[in-house]
Each structure stands twice: as C-alpha cells, then as structure tokens.
Amino acid sequence: MTRQIRLLTKLSLYGMFGFNEFRHTKDGKKKLRYCLMGVLWVFLILMLAGYVGLTSYGLAVMGMGYLAPAVLGMLVSLVTFLFTIAKAGPVLFDQRAYEKQVALPVEAKSIIVSRFLSMYFTDMLLGLVVMLPGMAVYGAVERPGFGFYLYGAVVIFFLPLLPLTAASVVGAVIAGISGRWKRKNLVSILLTMSFVCVILVGSMSLGGLDESQLGSMMEELAGQLERQIGRLYPPAIWISRAMVSGQVAWLLAFLGVSLGSFLIFLELLGHFYSKVCQMLSAREARGNYQMQQLQAKSVMRSLVEREWRRYFASSVYVVNTLTGELMMVLLALGVALAGRDTVDRLLGLPGAVDRTLPVLLGALPVMMPLTACSLSMEGKNWWMTQTLPVARRELIWSKVNLQLIVALPFYLVSEVALIVALRPDLTEAICLLAVPAAYILFGARAGIAVNEKFPVFDWDSEAKVVKQGASAFLMMVIGLATAAVPIIALFVLEGMTVFVYGATVGALLLLTWLMDLKGRNKLSAPYRLD
Amino acid sequence: MLEIKNLTKIYKGGKTAVDNLSLTVRAGDIYGFIGHNGAGKTTTIKAVVGIHDCDKGEIRVDGKDVRTQSLACKKAMAYIPDNPDIYEYLTGIQYLNFLADIYQVPAGERMERIRREAEDFGIYSVLGDLISTYSHGMRQKLALTGALIHEPKLLVLDEPFVGLDPEASLLLKRKMHAFCEKGSAIFFSTHVLEVAEKLCNRIAVISGGKLIVEGDTKELTRDKSLEDVFMEVTHHDKAD
C-alpha cells in the first residue's frame with residue numbers, strides 16, 4: 001500500500017504548481033511566465049516571513065514570547081482549514097481521477113491518502129513559511145534550548161494534519177449529502193457556502209482583543225490571549241507548551257490527536273469512499289425528450305447563459321469565487337447591524353471601517369472574481385470557443401457580464417443595508433454606491449486580462465484551476481494592491497475623502513477601459529490566445 | 001471551397017509540423033486527408049479552423065482569408081475534432097440551441113433541422129439529458145448534429161468515424177454524400193483507408209508534414225488499393 005500511495009502521490013504532485021511543465025516545456029514564453037510567478041511567490045513569502053517575524057518579535061518584547069508558537073500555529077491551522085474546506089471534497093472525490101485510478105490495482109485507501117497528501121504538501125509549505133521565521137526570531141530573542149528546535153521541527157511537519165482532516169471531514173460530509181440529491185452541485189454549493197459563512201462569522205466574533213484592556217497589565221493581556229487561543233484551537237496551546245517548556249506530553253498529545261483523527265477519518269472514509277464516488281458520478285438520464293418551442297436569442301445572451309450554466313455546474317468554482325461577495329455582504333450587514341465601531345474592533349483595524357468602508361466593500365469581490373479562471377475553466381472545451389464565429393470582445397464581455405450578474409444581488413443587499421442603517425448624505429451615498437460598483441467592474445475585466453496571460457486548459461481537476469491557478473493568485477495580489485493605494489490615501493489625505501473616492505472610481509474605470517483598448521485590434525476577431 | 005497555399009507551421013521548440021503544404025477542396029468534394037500518426041493532419045486541420053496560426057502560407061475558405069476574415073470563414077464552416085469534448089454541463093438541446101443562436105439560425109428552421117438530424121442519428125429522445133450522461137458515440141452524433149445546424153459550406157472533420165457504431169457510420173457516409181451533393185464540401189482526416197477509398201472523390205497523403213500525393217481517388221488507385229498506394233508513397237518518402 002505504501003508503494004501505491006507513493007506512486008499516486010507522485011502523480012498528483014507532478015501537476016502541482018506547474019513544476020513538471022516548467023521542467024519539460026520548450027516554450028520560452030511559458031518558462032518566462034513561470035519565472036515571473038516564482039519571483040512573485042518569493043516576494044510574497046518574504047513579506048509573510050517578515051510579518052511573522054515581526055509578530056514573534058513583538059510578542060517576545062511584550063513578554064509573551066512563550067505564546068508565539070501558539071499564535072503562529074493557530075494562524076497556520078486556521079488558514080489551512082479555511083482554504084481547504086472548499087477544495088477538500090472536490091479533491092478527495094475527484095470524478096475524472098477516480099475513473100482513471102479505480103481501474104488500477106490499487107486500494108481505495110491508497111487513493112484517499114494520495115489525494116490527502118497532495119493537499120497536505122501545499123499546506124505544509126505554508127506551515128514552513130510561517131513557523132520557520134517565527135521560530136528563528138523567537139530563538140534569537142529568547143535563546144531557547146535544543147528541545148525548542150527539535151519539537152518545532154516535528155510540529156511543522158504535523159501542523160496541517162488536524163485542520164486538513166477537519167476540512168476533509170466537512171468536504172466528505174458535504175459530498176455524501178449532496179451525492180444523494182438530484183441537483184448535487186447546487187446542494188454542495190449551498191452547504192459549503194453556509195459552512196463558510198458560519199466559520200467567517202464565528203472567527204470574526206472570536207477574534208480581536210478587547211482594546212480597553214490594552215492598557216492593563218501585560219500578564220492579564222497574555223492570559224486573555226492564551227484563553228482565546230485555547231478556546232478557538234486548543235492544540236495550538238499544546239504546541240506552545242511543548243516547544244517552550246519542553247513538555248513532551250503536550251507534543252505527544254498534539255501528535256496523538258492529529259494522527260488519531262486522521263487515521264479514524266481514513267478508516268471511516270475507506271468504507272464508503274467508492275459508494276460516495278459512485279453517487280456523485282451518477283447522472284439521471286430520462287431519454288424522453290419532447291421538443292417545445294425553441295427561442296432564438298442574441299449571441300451575447302446565449303453566451304452569458306452558457307457561462308451561467310458552466311459556473312453553477314461546478315461547486316468548487318462557485319464557492320471559491322463567491323466568497324468575496326459573501327464577505328462584502330457580511331461586512332455590510334455587520335456595519336449595518338452592529339455599527340462601525342464594533343466591526344472595527346472585530347477586525348482589529350481601528351478607524352478602518354469609518355474611513356474606508358466603500359473601498360473595503362469593493363475590494364473584497366476583486367480579490368477572487370470568477371473571471372480570473374473563467375477562460376481556464378473552458379478546459380477541454382476550449383477548441384469550441386476558438387472555432388465558434390464569436391468575436392473576442394463578445395466572449396470577454398459575456399464572462400464579465402456573468403460576473404456582474406452574479407455580484408449584483410450581493411451588491412444590492414450590501415448597499416441597501418448600509419444606506420438604510422447609516423443614512424448617509426447624498427455625497428456619501430454616491431461614494432458608497434459608486435466605489436464598490438467600480439471595483440466590481442474593474443475586478444471582472446481584470447480577471448479576464450490576467451487569465452489571458454496565465455491560462456491553463458489541460459487540467460484534470462477543477463480545484464487545481466480555481467484554487468492553485470496563477471491567475472487566481474495574481475488577482476488576489478491585484479485586489480490587495482488596488483485597495484491598499486486608496487486606503488493609504490484616505491488616511492494620509494484627511495479631509496479629502498470625496499476626492500480620493502472620486503479619483504479611485506476614475507482610476508478603476510480608466511484601467512478597465514485601457515484593458516479593452518490594449519487589444520482593440522483583436523477584439524473583432526475570434527478568440528485565439530497569443 | 002478550401003484553398004491552402006504553402007502552409008507551414010513550426011511549433012515552439014522548432015519542430016516543423018506542416019511544411020509548405022498546398023491543396024484545394026472544391027465545392028462538392030469529399031476530400032480525404034490521410035497520414036500516419038503525427039504526420040501533420042490535425043495541425044493542418046487546426047490551422048484551417050483557426051485554432052492554430054500558421055507561420056507561412058495562406059488559407060482561404062469560400063474565397064475568404066482565414067486570417068483577415070476569420071469570423072466570416074468560421075460562419076461558413078463547421079468543425080468536429082477527433083474527440084469532441086463538448087459542454088458537459090448543458091443538455092443536448094441546450095447545446096444545439098446555443099449553436100443555433102451563435103450561427104443565428106432562425107427559430108423555425110432550427111427546430112426543423114434539429115428534429116431531422118437528431119432523429120436521423122438516433123439521439124432525439126436524449127436531447128433533454130445532460131451531455132455528461134452521453135456515451136462517446138452519442139457525443140459524436142450530437143457534435144455532428146450541431147455541425148449541420150447552420151448548413152455550412154465546408155465541413156471539417158478529424159477522424160469522424162472513431163467511436164461511431166456501424167449503423168451510425170453508414171448513416172454518416174450517406175449524410176456526407178447528401179451534404180456534398182448540395183454543393184458543399186467535406187475535408188476530413190482518417191486512418192481507415194477502406195472508408196477513404198470508397199467515400200472520397202479526392203485524396204491527399206501527408207507524411208512528415210509534407211504533402212506527398214494528392215489527386216482524384218480513382219486516378220490514384222487505378223489497379224491498386226488505397227492501402228497499397230499509401231504504403232508505397234509513405235515508405236518511398238521515408239526512404240528518400
């Protein structure tokens with residue numbers, strides 16, 4: 001079984017991050033793109049390492065250094081869990097891969113473990129990036145013994161196991177429930193989105209220290225932090241105790257819970273894995289079609305309808321790309337129902353909501369627009385798109401229009417809630433309406449522009465395109481950058497809020513127009529990637 | 001109907017897939033394009049339908065340049081690849097209606113054409129089902145139905161008989177004849193030499209990216225079978 005797991009895992013790792021393609025492609029342009037992405041990754045890793053190092057340093061200076069492993073461990077676990085919920089089900093129960101692998105003489109458990117490991121390696125990289133600089137800074141300041149590093153090394157390798165198992169349990173339960181329904185995708189989308197909502201609201205209400213206590217004794221603050229971490233994720237405290245105090249019992253407890261939960265999950269899933277896969281792949285075919293009046297539609301409407309059907313046919317696509325809109329609504333409802341100050345405190349960003357609400361609202365959907373992978377999602381159907389007598393402009397705007405249609409209800413709910421609750425004056429209301437709208441339009445068009453540069457059509461798992469695609473990752477960076485500039489301006493240029501909002505809207509619309517202008521000579525021709 | 005002049009396609013990495021290829025498909029022709037695996041058939045076909053750009057040469061469909069009047073060219077033809085991966089998330093009828101919208105086929109005509117072609121291919125009753133439930137052969141039949149929906153002037157097919165049952169193969173051959181009798185043309189690749197010999201009025205053989213033989217099927221074969229001709233010319237080409 002170990003050999004089977006090794007071979008299957010190797011197979012899935014070949015496709016990860018495009019290493020294999022980078023190694024073997026003779027296309028210089030493609031190699032250059034991978035190199036640029038590599039540079040971007042290194043930059044982001046350095047940024048994250050710097051942030052983590054500073055956090056560790058800050059904790060050590062405040063006399064709470066012993067909590068650094070707990071804070072960092074919880075951070076890694078929470079991010080692993082949140083990022084894996086939506087992809088665990090699709091990766092574990094990937095139909096295409098299942099059909100190929102089930103014909104091989106391998107056990108179901110080997111398939112499960114290999115798929116689990118393919119997710120595990122990505123998450124372990126996150127653990128390394130966060131824990132190593134944190135440990136290095138703590139080590140330099142506190143000078144702990146050898147045990148700290150030894151236990152730390154063990155912890156890094158096992159840190160993603162528990163959150164990944166938990167996310168896989170959720171993914172398996174959602175797959176198991178939705179597999180029983182006729183509209184499997186819709187059920188899966190609703191269940192996953194509901195779960196993401198619960199987690200987001202839950203983590204917001206647990207997060208954030210009571211600022212009134214900041215001035216009080218450090219010990220009290222440390223106690224409060226420790227209690228909160230313990231409440232949210234107890235194994236993080238066990239890690240801290242093991243690494244800092246060298247208590248091996250806590251390390252064993254952490255390892256026992258992590259490995260134990262994984263083995264129980266593996267044993268349970270192994271029993272009904274094939275059944276769930278078969279339920280998910282089962283499709284109802286009636287074979288009793290009777291033709292009714294067929295409606296002739298415009299090319300654009302027909303394209304948008306096709307995009308709509310494609311979008312809602314994939315739960316992993318919907319769940320991942322709707323999270324931004326969902327967060328926008330949660331932020332708006334939070335501000336409308338609980339007030340700006342409460343949301344400020346929950347987010348741990350004093351003054352941010354009051355000063356930058358329209359930008360925050362708009363930037364959230366920009367970070368993960370559905371257009372960022374909509375070209376890649378054409379996958380093996382790409383030949384059709386290329387051979388249809390459809391101009392590039394029509395294809396691009398059909399995808400942009402779908403993004404606008406999908407975002408519209410979330411935008412309307414957010415705006416109505418805020419306008420009713422905050423009762424802004426006319427200028428504020430215009431800013432509140434225009435800034436997020438401009439962001440959504442910009443994000444939709446920029447998503448396509450980025451995906452044109454980093455398309456992936458030869459994929460075997462939707463999760464790979466949606467979660468690990470270079471364009472989805474780049475859009476997150478673009479979203480952050482486009483939000484950071486006006487936010488900094490709003491804080492620096494006090495009293496010029498309306499001007500900053502106006503300039504932001506103008507800049508976003510100009511960028512959107514420029515993206516169309518750049519390829520204007522190709523827009524009337526059919527689609528062909530350069 | 002289709003004119004290819006001095007087509008050359010070099011892939012990134014330097015491999016010449018098609019080398020100075022020229023051929024002409026006239027209205028009414030069923031034109032067979034034959035060659036070994038990797039000979040350059042699919043690359044030529046993909047250049048014709050606009051998936052690949054070419055490095056040199058010119059391709060004209062119904063007198064229009066594929067590069068400069070690509071939309072008009074695409075409206076005039078239909079293409080089916082060797083493995084038609086079609087939108088699995090649509091039902092058969094949604095797929096056909098989508099194509100009818102894209103090619104702007106009037107509502108009344110599309111209904112009549114869909115009914116006729118789908119009934120002929122035996123997939124009418126499953127048109128309400130998702131394409132993901134279709135077998136390979138049914139997808140092939142649906143793709144063929146979709147290709148005929150706008151009555152193209154040129155039909156470009158890559159290995160059209162792969163995956164079809166004997167009855168559907170026979171039906172497709174009949175349809176191909178009927179299609180060309182109306183003045184349209186078919187340009188298709190195949191490995192099945194017997195089919196090509198019986199079906200095509202013109203044939204071209206490609207080897208190593210170069211066109212080595214082209215002409216009227218009867219003239220090429222005369223007292224030999226197409227299989228003999230193919231082996232003769234391709235081996236002679238390799239020996240050179």
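Every read-out reported here was derived from the displayed coordinates using simple, explicitly stated rules and does not represent laboratory data. Everything numeric in this text was worked out from a predicted model, so none of it was measured. Cβ: placed from backbone, ideal geometry, glycine included. Neighbour counts: every protein chain shown.
Quick one: what does P(r) look like for the stretch B:26-139 with 5 Å bins over all Cα pairs, in whole %?
The percentages, shortest bin first, are 2, 9, 15, 18, 18, 17, 13, 6, 1, 0.
List the trypsin sites (Lys or Arg not before Pro) within the stretch B:44-101 that DSSP assigns to loop and that have no more than 16 neighbouring Cβ atoms inside 10 Å.
Hits after loop and neighbour filter: B:Arg67.
With a bin width of 10 angstrom, please list the P(r) values of the stretch A:1-157 as percents of all Cα-Cα pairs, from the 0 bin to the one holding the largest distance.
Per 10 Å bin, starting at zero, the Cα-Cα P(r) for the stretch A:1-157 comes out as 9, 29, 29, 23, 9, 1 percent.
Running Debye on chain B with equal point scatterers at the Cα sites and no solvent, what base-10 log of I(q)/I(0) appears at q = 0.07, 0.15 Å⁻¹?
Taking Cα atoms of chain B as identical point scatterers yields -0.23, -1.05.
Mind checking the mean number of beta-carbon atoms from other chains within 10 Å of the Cβ atoms in B:71-78?
Mean shielding count: 3.
What Kirkwood hydrodynamic radius, in Å, does the stretch B:13-84 give when the mean of 1/r is taken over all pairs of distinct Cα atoms and then inverted?
Working: mean 1/r = 0.0748 Å⁻¹.
About 13.4 Å, per the Kirkwood formula over Cα pairs.
Once the mean 1/r over all distinct Cα pairs of the stretch A:2-281 is inverted, what Kirkwood radius in angstroms do you read off?
That comes to 20.7 Å for the stretch A:2-281.
How far apart, in nm, are two points set 7 Å out from the Cα along the Cα-to-Cβ line at A:Ser194 and at B:His191?
Here the modelled spin labels are 5.1 nm apart.
Using alpha-carbon positions, what is the distance between the centroids of the stretch A:220-254 and the stretch B:11-58, in Å?
67 Å
Once the Cβ-Cβ distance between A:Leu511 and A:Phe312 is put in as r, and R0 is 35 Å, what FRET efficiency do you end up with, to the nearest 0.05? Before the final figure, lay out the partial values.
Numbers: r = 29 Å, r/R0 = 0.83.
Result of the calculation: an efficiency of 0.75.
Could you please state, rounded to a whole Å, how far the C-alpha centre of the stretch A:496-514 is from the C-alpha centre of the stretch B:202-233?
Each part's Cα centre sits 65 Å from the other's.
What FRET efficiency comes out for A:Ala503 versus A:Met476 if R0 is 30 angstrom and r is the Cβ-Cβ distance? Round to the nearest 0.05.
According to the calculation, E is roughly 0.80.
If you take the Cα Rg of the stretch A:299-518 and divide it by 2.2 N^0.38 Å, with N the number of residues, what do you get?
Cα-based Rg divided by the globular estimate yields 1.04.
For chain A, the longest stretch holding no trypsin sites (Lys or Arg not before Pro) located in a DSSP loop with at most 11 other Cβ atoms within 10 Å is which?
Longest gap between qualifying sites, sites excluded: A:287-519.
How about the stretch B:87-161: which trypsin sites (Lys or Arg not before Pro) there lie in a loop by DSSP and see at most 12 other Cβ atoms within 10 Å?
Answer by residue number: there is no such site.
How many nm is it between the label spots at B:Lys182 and A:Glu99, if each spot is 7 Å from the Cα in line with the beta carbon?
Going by the 7 Å Cα→Cβ label model, 3.3 nm.
Taking only the alpha carbons of the stretch A:307-387, what extent do you get along each of the three principal axes, in Å, biggest first?
Largest first, the stretch A:307-387 extends 54, 19, 16 Å along its Cα principal axes.
Please average, across the residues of A:299-306, the number of beta carbons from any other chain that are within 10 Å of each residue's own beta carbon, and give a whole number. Each step should come with its number before you reach the end.
On the way: counts 4, 1, 1, 8, 3, 0, 5, 8.
So the per-residue partner count for this stretch is 4.
For B:Glu232 and B:Leu170, FRET efficiency with R0 = 25 Å and r from the beta-carbon atoms, rounded to 0.05?
E between B:Leu170 and B:Glu232, to the nearest 0.05, is 0.25.
What average number of partner chain Cβ atoms lie no more than 10 Å from the Cβ of the residues making up B:81-93?
Whole-number average of other-chain Cβ neighbours for B:81-93 is 4.
What length, rounded to one decimal in nm, is gained on full extension from A:Val141 through to A:Phe491, with 0.36 nm per residue of separation minus their alpha-carbon distance? Kindly include the intermediate steps, with their values, before the conclusion.
Details: separation 350, 0.36 × 350 = 126.00 nm, distance 3.35 nm.
Working it through step by step, the gained length comes to 122.6 nm.
Within chain A, what's the longest stretch lacking GluC sites (Glu not before Pro) that sit in DSSP loops with no more than 14 other Cβ atoms inside 10 Å?
A:285-493
Kirkwood-based Rg over Rh for the stretch A:372-421 (C-alpha set), two decimals?
Radius of gyration relative to Kirkwood radius: 1.22.
Mind listing P(r) for the stretch A:234-277? All alpha-carbon pairs, 5 Å bins, whole percents.
Pair shares across the bins are 5, 24, 19, 13, 11, 10, 9, 6, 3, 1.
Translational diffusion coefficient of the stretch A:59-108 at 4 °C, 1.567 mPa s, Stokes-Einstein with Kirkwood Rh over Cα pairs, in µm²/s as a whole number.
On the way: Rh = 14.1 Å.
Value of D from the Cα-based Kirkwood radius: 92 µm²/s.
So for the stretch A:404-500, Kirkwood radius off the Cα pairs, Stokes-Einstein at 37 °C and 0.692 mPa s: how many µm² s⁻¹?
208 µm²/s
Helix-only mean residue ellipticity at 222 nm, the protein assembly as shown, DSSP H runs n ≥ 4 weighted -39,500 (n - 2.57), per residue, nearest 500. What is it?
It comes out at -22000 deg cm²/dmol, rounded to the nearest 500.
In Å and whole numbers, how far do the C-alpha atoms of the protein assembly as shown stretch along each principal axis, longest first?
Principal-axis extents of the protein assembly as shown (Cα, largest first): 102, 66, 52 Å.
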